[in-house]
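The values are calculated or read from the model by the stated rules, or taken from the named source; none is laboratory data. All figures in this text were calculated on a predicted structure; none of them were measured in a lab. Cβ placement follows ideal geometry from the backbone for every residue including glycine, while neighbour counts extend to all protein chains displayed. Just the protein is used for accessible areas: all its heavy atoms, side chains included, with ligands, DNA and RNA removed. Shrake-Rupley method; radii C 1.70, N 1.55, O 1.52, S 1.80 Å.
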Amino acid sequence: MAGRYEKASLILTSNKGFVDWGEVFSDQVIATAILDRLLHHATTLNIKGESFRLKEKRKAGLITQPIEKSEDKGDE
């Protein structure tokens, strides 16, 4: 990533909101430092809704229960 910094684009996806990254790395300080570096000069997109894979599984009848809606945690 360091070699691409300010030279080329990078796409990073996650199913976790920024507030949850502390749990992912087991350290809120490390997660904040990582996010600080990743988000410098970044454009973020927050896509809400059911995933394409989940829609296809539902269409095929593999999943029948509705998805629980989580509270908006203010992710940007």
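Observations, loosely collected:
- Residues in the range 47-76 that are in a loop (DSSP other than H, G, I, E, B) and either at pLDDT 90 or above or at negative phi (or both): 19 in all.
- Counted residues, the range 8-46 - those being loosely packed, with under 10 Cβ neighbours inside 10 Å and either within 10 Å of the chain's Cα centre (by Cα) or assigned to a helix (DSSP H, G or I) (or both): 6
- Matching residues, the range 1-32, being closer than 19 Å to I47 by Cα and of a type outside the set (G, A, S): L10, I11, L12, T13, N15, K16, F18, V19, D20, W21
- A Cβ distance below 8 Å, combined with a sequence gap of six or more or placement on separate chains, defines the contacts here; from the range 35-61, residues that are within 17 Å of D20 (Cβ to Cβ) reach residues that are open to solvent by less than 70 Å² (accessible area, probe 1.4 Å) in the pairs L35/F18; L35/W21; N46/D75.
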